[in-house]
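Here's the structure we're looking at; comments come further down.
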Amino acid sequence: MMKRYYLLLSLAAGLSVISSCRRDYIYGDITPNTDRVIVEFFDGKNAKDVAMDYATGVIKVDVAQLQFMVRSTVNSNATVKVVGDPTIVSDYNTANGTSYTPVPGGLFALDPSDIELTPSERKKNVSIRINPGNVATGEWAIGLKIVSTTQGEISQTSSRIVVVLHVKNKYDGKYHLKGFYTRTDNPAYNGPFETDVEMITTGPNSVAMYWPDFGDFYQPFSNAGSLTAFSNVAPEAFFNAGDQVTSINNFTGDPVAGPFMTPSPGANSRFVPGATPVIYLKYYYNTNPANRIFADTLIYTGSR
């Protein structure tokens, strides 16, 4: 997952630090000069998270902001061209230990790619058209760069940006999982377990269980007290308009465990909204309602 770094300063401390720093520390190799017109991505030094609601058609979404550098004196318009570049994502992965997959150029389009900044509109959104359903699962990112401007120059330090895409429905998020696995034919597997998982959007009303500790879609459980998982078992829950679980699919697709799982009758598997949402899942697989039963309580801990 993406590493995040935070710098917290009080207003007074911030003013003190800025006034005492060397100018080339703030602007890299560029000497601040209000007569130089410089175009850049706002906060281009950091990756930007962009969340989208799940959809099966193409939508327009704002993914970044383009601007004249705050210290530039601007007297005329500038048409700035932005393009996608997958190597920016690869470079970011190498530098930060992440594993984002660049969105192929055929799956998104800048709208528009030429953006006009003016003295009265010094900052504008960069937008793309994309089908969220094409990037609903996995870790996807788009690399953007400024390639030309009709006025001034391109920033030496903020001409590139990484946009990390998150496609979400209301069930999506990070959850603390408390569960119990009933396995009558294997006492070592039978018992409680507890860990953190993510429920990742797979459709407008469905989420699949992803276990970050193992880096894939799994249903965790305990093997004689140690957390483990079957490589061929991962629940994908489907909800109706009333937030009740209507069906559970085996997201791995493995036929040995069964492509479909069965919600346990009377268990009331459901999503409960509120200040701290909770998902209750109880299901069995391999057609035996008295064995191989998972009873999961997933307590929401934050957005993905």
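Summary table below
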item	result
The listed residue being crowded, with 19+ Cβ neighbours inside 10 Å and either within 16 Å of the chain's Cα centre (by Cα) or outside the structural domain of Tyr54 (by TED's automatic domain parsing) (or both), out of Gly179, Gly138, Gly84	Gly179
Scope segment 43-78; condition in a loop (DSSP other than H, G, I, E, B), in contact with a strand residue (DSSP E or B) (Cβ under 9 Å, 6 or more places away or on another chain) and modelled with pLDDT under 95; matching residues	Asp43, Gly44, Lys45, Asn46, Ala47, Tyr54, Ala55, Thr56, Met69, Arg71, Ser72, Val74
Verdict on Thr195 being out of contact with any Asp or Glu (no Cβ under 8 Å at 6 or more places or on another chain) and among the hydroxyl-bearing types (Ser, Thr, Tyr)	no
Among residues of segment 100-137, those that are under 20 Å from Met52 (Cα atoms) and outside any helix (DSSP H, G or I), counted	20
Top-ranked residue in segment 259-283 [being touching a residue at least 40 places away in the same chain (Cβ under 8 Å) and in a strand (DSSP E or B); ranked as farthest from Gly302 (Cα to Cα)]	Tyr283
Selection count, segment 59-81, where residues are closer than 17 Å to Trp140 by Cα and buried (at least 16 other Cβ atoms within 10 Å of the Cβ)	3
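The values are calculated or read from the model by the stated rules, or taken from the named source; none is laboratory data. Because the structure is predicted, anything quoted here is derived from the model rather than measured. Virtual Cβ from ideal backbone geometry, glycine too; neighbours counted across all protein chains shown.
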